[in-house]
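Here's the structure we're looking at; comments come further down.
The values are calculated or read from the model by the stated rules, or taken from the named source; none is laboratory data. What you see is a predicted model, and the numbers here were worked out from it, not measured in a lab. Every residue, glycine as well, gets a Cβ built from its backbone with ideal geometry; the counts of neighbours run over all protein chains shown. Keep in mind that these areas ignore ligands, DNA and RNA; they rest on the heavy atoms of the full protein, side chains included. Shrake-Rupley method; radii C 1.70, N 1.55, O 1.52, S 1.80 Å.
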Amino acid sequence: RNKRNKRNKRNKRNKRNNLPKFKKIIIEKIASSDSACRAKLAREFLESGESIDPYLDILLMKPPISTRFSWLLGDIGLIDASFSPIILSYCMDHFHEIKIPNFERVIAREAKTCAPDFPKGREAEVIDLLLEFYHNPKMIVTTRKYAKAALDKIADKYPEIRNEFE
């Protein structure tokens with residue numbers, strides 16, 4: 001039993017050591033980060049030129065790491081909106097696995113950032129989800145606000161949907 005415990009600890013340590021260097025830094029700093037720290041991490045990430053894909057599984061970790069990482073993704077998306085469709089697609093794929101409070105807000109925010117240029121083949125799915133968020137009276141105000149902003153951008157491209165949310 002002790003051998004198994006030692007082996008498990010060693011495997012966890014090795015797994016952490018095999019992470020991309022910047023991913024380790026994010027995981028270490030994000031839980032106690034403030035907005036200035038996240039803004040700096042966002043700039044450093046963008047300067048690194050790395051793909052966002054290997055980082056997105058941080059959203060599957062427990063809060064506060066996942067929650068604050070979602071805020072970092074928002075900062076990254078605001079600086080460079082080309083990341084938002086990738087983030088949005090991942091969030092939609094893992095919608096029921098991610099345990100961030102009010103996670104719908106993250107999806108609505110990313111949709112607002114990249115609208116109307118949603119991930120290929122997912123446009124209808126995103127629009128349906130945004131309409132669901134917007135019309136749900138139990139949804140927090142910020143989520144509904146982001147959903148409405150995204151829907152407004154979409155309506156510029158598809159005016160016929162405007163009557164579904166006004």
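Compute the helix-to-body angle for 21-30: its Cα long axis versus the longest principal axis of the chain, expressed 0 to 90° and rounded to tens. Between the helix axis and the principal axis of the chain, the angle is about 70 degrees. Roughly what angle does helix 84-93 make with the longest principal axis of the chain, taking Cα atoms, 0 to 90 degrees, to the nearest 10? On a 0 to 90 degree scale, this one is about 80.
A simple charge model with +1 on the Cβ of Lys and Arg, -1 on the Cβ of Asp and Glu and nothing else charged puts the dipole of the stretch 30-166 at about 520 debye relative to its Cα centre. The residues of the chain present an accessible area of 59 Å² per residue when probed at 1.4 Å with all protein chains retained. In a DSSP loop and with at most 13 other Cβ atoms within 10 Å, the trypsin sites (Lys or Arg not before Pro) in the stretch 114-151 are 120, 138.
Bridging of residue 120 to aspartates and glutamates at a Cα separation below 17 Å is possible for 53, 93, 110, 128, once same-chain residues fewer than 8 apart are set aside. Per residue, the Cα convex hull of the chain amounts to 133 Å³. To the nearest ten degrees, helix 103-114 and the longest principal axis of the Cα atoms of the chain are 70 degrees apart.
Taking the centroid of alpha carbons for each part, the stretch 75-108 and the stretch 122-148 are 13 Å apart. Would you work out what percent of the accessible area of the stretch 101-164, with all protein chains in place, is carbon or sulfur (probe 1.4 Å)? In the stretch 101-164, the share of accessible area belonging to carbon and sulfur is 51 percent.
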